[in-house]
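See below for the structure under consideration.
The values are calculated or read from the model by the stated rules, or taken from the named source; none is laboratory data. What you see is a predicted model; the values in this text were computed from it and never measured. Neighbour counts are summed over all protein chains in view; Cβ atoms, including those assigned to glycine, are modelled from backbone coordinates with ideal geometry.
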Amino acid sequence: MSIWLREITYDDGKFIVDWRNNDNIRRHCMDDSLVTMESNLVFYENNVLTKKCFQYMVEKNDDDFPQCVYPIATGYLKNLDYINKKCELGFFPTYDSEWNGNMERNAVKLLVEKAFSKHGFRKVYAYIFADCIDELALFVSVGFIQEGYFKDELCMADGKLRSIVRLALLK
């Protein structure tokens with residue numbers, strides 16, 4: 001099971017839109033609205049190409065055919081604060097079963113390493129919904145610690161209030 005990160009390209013938009021609009025994925029997003037190819041392109045041009053955000057595809061070798069490579073998730077670093085050397089980390093995956101605990105853990109580690117080594121940040125943080133116990137456990141297993149709890153922080157499109165936990169990892 002081999003995974004790695006590569007910078008996203010324009011052509012990755014079709015995967016990102018498809019994954020991000022899946023109901024199971026959207027319930028983990030702070031903004032649960034639908035994404036279109038057009039809105040994704042605007043984000044790509046205004047944030048990724050201008051380096052306001054670093055976005056990567058998580059790619060995997062096919063277990064049966066190692067020469068075959070395909071994307072299984074996208075990860076990003078945003079809210080880049082070069083003065084305080086910190087940034088926010090996030091992921092949204094394919095909805096396939098391949099995106100499991102081991103893959104998730106390795107992908108988070110790879111993206112944290114990019115943040116620290118390639119981009120020079122000293123702190124990486126993530127916001128996770130408090131009711132997403134598996135995600136919280138995943139980040140803790142990689143070394144993140146809880147910095148804060150924000151009760152009823154977001155009002156979702158359906159009117160439901162959701163609490164958020166902020167986790168962080170220092171270099």
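Taking residues in the stretch 50-61 that are surrounded by 19 or more Cβ atoms within 10 Å (Cβ to Cβ), and partners anywhere that are among the hydroxyl-bearing types (Ser, Thr, Tyr) and assigned to a loop (DSSP other than H, G, I, E, B), the pairs with Cβ atoms closer than 8 Å and at least 6 places apart or on different chains are Lys60/Ser2. For the stretch 111-124, the criterion of being at pLDDT below 95, surrounded by 11 or more Cβ atoms within 10 Å (Cβ to Cβ) and part of a loop (DSSP other than H, G, I, E, B) is satisfied by no residue at all.
Scanning the stretch 86-131 for residues that are among the basic types (Lys, Arg) and over 14 Å from the mean Cα position of the chain (by Cα) gives Lys86, Lys118, Arg122, Lys123.
Just to be sure before I move on: is Ile72 assigned to a strand (DSSP E or B), aliphatic (A, V, I, L, M), within 21 Å of Asp23 (Cβ to Cβ) and modelled with pLDDT of 95 or more in the structure I sent? If you could, list the steps in order and put the result at the bottom.
Working: assigned to a strand (DSSP E or B): yes; aliphatic (A, V, I, L, M): yes; within 21 Å of Asp23 (Cβ to Cβ): yes; modelled with pLDDT of 95 or more: no.
Spelling it out, it is not the case that Ile72 is assigned to a strand (DSSP E or B), aliphatic (A, V, I, L, M), within 21 Å of Asp23 (Cβ to Cβ) and modelled with pLDDT of 95 or more.
Within the stretch 20-37, can you find the residues that are assigned to a helix (DSSP H, G or I) and modelled with pLDDT under 85? First the steps, then the outcome.
The first filter runs over the stretch 20-37 and keeps only residues assigned to a helix (DSSP H, G or I), leaving 20, 23-26, 37.
Within the stretch 20-37, Arg20, Asp23, Asn24, Ile25, Arg26 qualify.
Taking the condition β-branched (Val, Ile, Thr) and part of a loop (DSSP other than H, G, I, E, B), does Val17 pass? So Val17 does not fit the description; no.
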